[in-house]
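*Asks:* Just dropping this structure here.
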Protein chains: 2
Amino acid sequence: MATGSGGGDDPFLGYVLDEQVGFLLRKAYQRHMTIFARSTIGGLTPTQFSTLFRLFAEPGPISQNALGRLVAMDAATTKGVISRLENQGLLTTQKDPNDKRRYLLQSTEKGRALIRDAIPVVKGITEATLEPLTKAERETFLRLLAKLC
Amino acid sequence: MATGSGGGDDPFLGYVLDEQVGFLLRKAYQRHMTIFARSTIGGLTPTQFSTLFRLFAEPGPISQNALGRLVAMDAATTKGVISRLENQGLLTTQKDPNDKRRYLLQSTEKGRALIRDAIPVVKGITEATLEPLTKAERETFLRLLAKLC
DNA sequence: CGAGAATTGTTTGTGTACAAGTGAATTTTT
DNA sequence: AAAAATTCACTTGTACACAAACAATTCTCG
């Protein structure tokens, strides 16, 4: 006698795509990016905002690759992100006199002003992303999520 | 009396990048992709695997866009993923006689064999991704994560 | 000091991901 | 049945993300 829609053994071997971490992480991040894109912070993407914020938070100048690592980007990705931020006049690059391989990055006043204005907006984005969870659930979720990084 | 490293008001207005959902989701998914890439399932990416698995799980033929929606991809992304799977001989496309706009997709025996072989591997990938969490934490995390999709 | 190792920034190529627009075909509405 | 709206597949352009390779520079260690 056939079982359910297939018959015999479970052809999917108990694998349910919609319950897999990877699939859910991808969908959750997609949803977050959609929320982010709706809010337009001077047209910045999540990655661009994170990068500019990290630079903003740095006490002094920092090299390109070093900044990229602080935002979890590889060197190739960093190159593109920095170029786009520089083209928008949000940061400046200058040769490091002490290490001729390096470019030192610094946020411009325009960049810093954008970050300051953006803080309340990105707080709202975080709130909107976590909206389906209760306050207690949010704490739990963020604590566990941080363990998976 | 100065507070912390700066003095006076908090210049970051209480915004800590490493505690934001978006930033953590991005990093967690990056980590998952790294684990996935290490395991090589016939060279498939997470998205390609999800797409082929969904097609595998479909009872009959399905159109390209419809399959894409089941995997949370837009039409443009779907086009590229399907092309690559087709080039590898993992699925076939044929014109729908009843709707001349549509291409009907079907997994090939090669595609189905790949999925069957891959199931234990992707189960290991899920396990490795969730490894930092206890069994109870995993259930909680997946339940909350699903709410954010 | 000098050879090998490591780091910095860059480029190229591949693979998602989305926006915006196209033309063909189908469905819905009137 | 004709008009309007929708759907399907596709294309172009932009933006991450990683692998792999490269030259220039700096560091390390014998």
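The values are calculated or read from the model by the stated rules, or taken from the named source; none is laboratory data. These numbers were taken from a predicted model, which means no experiment stands behind them. Methodologically, a virtual Cβ is constructed for each residue, glycine included, from the backbone with ideal geometry; neighbour enumeration extends over all protein chains shown. Note: accessible area is taken over every heavy atom of the protein model, side chains too, but ligands, DNA and RNA are not part of it. Shrake-Rupley method; radii C 1.70, N 1.55, O 1.52, S 1.80 Å.
*Asks:* Please work out the FRET efficiency for the pair B:PHE12 and B:ARG84, using the Cβ-Cβ distance as r and a Förster radius of 51 Å; give the result to the nearest 0.05. Working shown, then result.
*Replies:* Details: r = 43 Å, r/R0 = 0.83.
Plugging the Cβ-Cβ distance into 1/(1 + (r/R0)^6) gives 0.75.
*Asks:* Which residues' amide hydrogens lie under 5 Å from the amide hydrogen of A:LEU104, considering only partners 5 or more residues apart or on another chain, with H built in the peptide plane?
*Replies:* A:GLN94, A:LYS95, A:ASP96
*Asks:* Would you mind finding the longest exposed-site-free stretch of chain B, with exposed trypsin sites (Lys or Arg not before Pro) meaning DSSP loop and at most 11 other Cβ atoms within 10 Å?
*Replies:* Details: sites that count: B:LYS100, B:ARG101.
Result, exposed sites excluded: B:1-99.
*Asks:* Hey, can you find the accessible area per residue of chain A for me, probe 1.4 Å, expressed in square angstrom?
*Replies:* That works out to 53 Å² per residue.
*Asks:* Could you name the aspartates and glutamates whose alpha carbon sits less than 16 Å from that of B:LYS123, not counting residues in the same chain fewer than 8 places away?
*Replies:* Once the sequence-local aspartates and glutamates are set aside, what remains near B:LYS123 is A:ASP10, A:ASP18, A:GLU19, B:GLU131, B:GLU139.
*Asks:* Okay, next question. Any idea what the dipole of the protein assembly as shown comes to, in debye rounded to 20, about its Cα centre with Lys/Arg Cβ at +1 and Asp/Glu Cβ at -1?
*Replies:* The dipole magnitude comes to about 640 debye.
*Asks:* Same structure, new question: Length gain on complete extension for the stretch A:ARG143 to A:GLU131, per 0.36 nm per residue less the alpha carbon to alpha carbon distance?
*Replies:* Full extension from A:ARG143 to A:GLU131 adds 2.7 nm.
*Asks:* Keeping the other protein chains in place, figure out the carbon and sulfur percent of the accessible area of the protein assembly as shown, with a 1.4 Å probe. Numbers along the way, then the final one.
*Replies:* Details: 8310 of 15690 Å².
The nonpolar share, carbon plus sulfur, comes to 53 percent.
*Asks:* Sticking with this one: For helix B:75-87, report the angle its Cα long axis makes with the longest principal axis of the Cα atoms of chain B; keep it between 0 and 90° and round to the nearest 10°.
*Replies:* In chain B, helix B:75-87 runs at an angle near 60 degrees to the longest axis.
*Asks:* Run the quick spin-label model on A:THR45 and B:GLU109: label points 7 Å from Cα toward the beta carbon, then report their separation in nm to one decimal.
*Replies:* Inter-label distance under the simple model: 4.3 nm.
*Asks:* How far is helix A:135-147 tilted, in degrees, relative to the longest principal axis of the Cα atoms in chain A, given as a value from 0 to 90 rounded to the nearest 10?
*Replies:* That helix lies at roughly 80 degrees to the long axis.
*Asks:* Next question, about the same structure. Which value in Å is the Kirkwood Rh of region B:42-147 over different Cα pairs?
*Replies:* That comes to 15.1 Å for region B:42-147.
*Asks:* Now, a different point. Take chain A, connect every pair of alpha-carbon atoms lying under 10 Å apart with a spring to form a Gaussian network, then pick out the residue of A:ASN87, A:ASN98, A:ASN65 with the largest mean-square fluctuation.
*Replies:* Sorting by GNM fluctuation, first place goes to A:ASN98.
*Asks:* Another one. Interface A/B, total buried accessible area with a 1.4 Å probe, nearest 100 Å²?
*Replies:* Using a 1.4 Å probe on protein heavy atoms, the buried area is about 5000 Å².
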